[in-house]
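The block underneath contains the structure these notes are about, expressed in structure tokens.
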Amino acid sequence: EQTLSHVAKRADWLSEPLVAWSVLLHLYRLTSLPEKPPPIDWVYYKTAVANAGMVDEFEKKVRFSSSIRCCCCFEIQVEAVKSAAEYVQASKSPIVQYEKQLEKFRTMIPFDQMMWEDLNEIFPETKLDKKYPYWPHKPIENL
């Protein structure tokens with residue numbers, strides 16, 4: 001145990017400068033960037049790219065995403081609250097159905113005490129077909 005703890009301490013000591021250096025590099029790269037990115041020259045790209053429709057579509061997407069960023073934070077929060085309320089309303093009916101199923105499971109007799117008739121009554125999907133009550137569900141002539 002002493003050697004393992006010694007190795008772990010030494011590994012921490014070796015990794016600290018690497019972590020500090022990577023943080024410094026990241027901060028340097030972030031501070032070297034301008035506050036606002038340079039504007040995109042859409043005319044140049046329309047002439048340079050063979051399919052100008054792609055450039056128009058991309059320009060619409062960029063403008064849409066920048067308009068979303070400029071939107072007020074309060075409006076986004078209001079929309080989030082509205083969508084959360086809609087989700088809660090929509091999830092109430094399945095919850096009622098699940099509670100009914102849960103109540104069915106709570107009130108049923110244990111499986112080890114059930115007869116086939118009880119099982120078929122509680123779970124109708126387990127009822128065998130009357131025409132072919134035994135597996136493989138084919139007439140005896142076809143077997």
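None of the figures in this text is laboratory data; all of them are computed from the coordinates on show. The model shown is predicted, which means the values in this text are computed figures rather than measured ones. When we count neighbours, we look across all protein chains shown, and the Cβ atoms used for this are built from the backbone with ideal geometry, even at glycine.
Results, tabulated for the structure shown:
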read-out: Formal net charge of residues neighbouring LYS104 (Cβ-Cβ distance under 15 Å; K, R +1; D, E -1); value: -3
read-out: Potential lengthening between LYS92 and LEU24 on full extension [0.36 nm per residue; Cα-Cα distance subtracted]; value: 19.4 nm
read-out: Additional length obtainable on full extension of the chain from TYR44 to ASN120, 0.36 nm per residue less Cα span; value: 20.1 nm
read-out: Proxy reagent accessibility, fewest Cβ within 10 Å first, across MET115, MET54, MET108; value: MET115, MET54, MET108
read-out: Nitroxide proxy distance, nm - points 7 Å out along Cα→Cβ at LYS36 and VAL78; value: 2.7
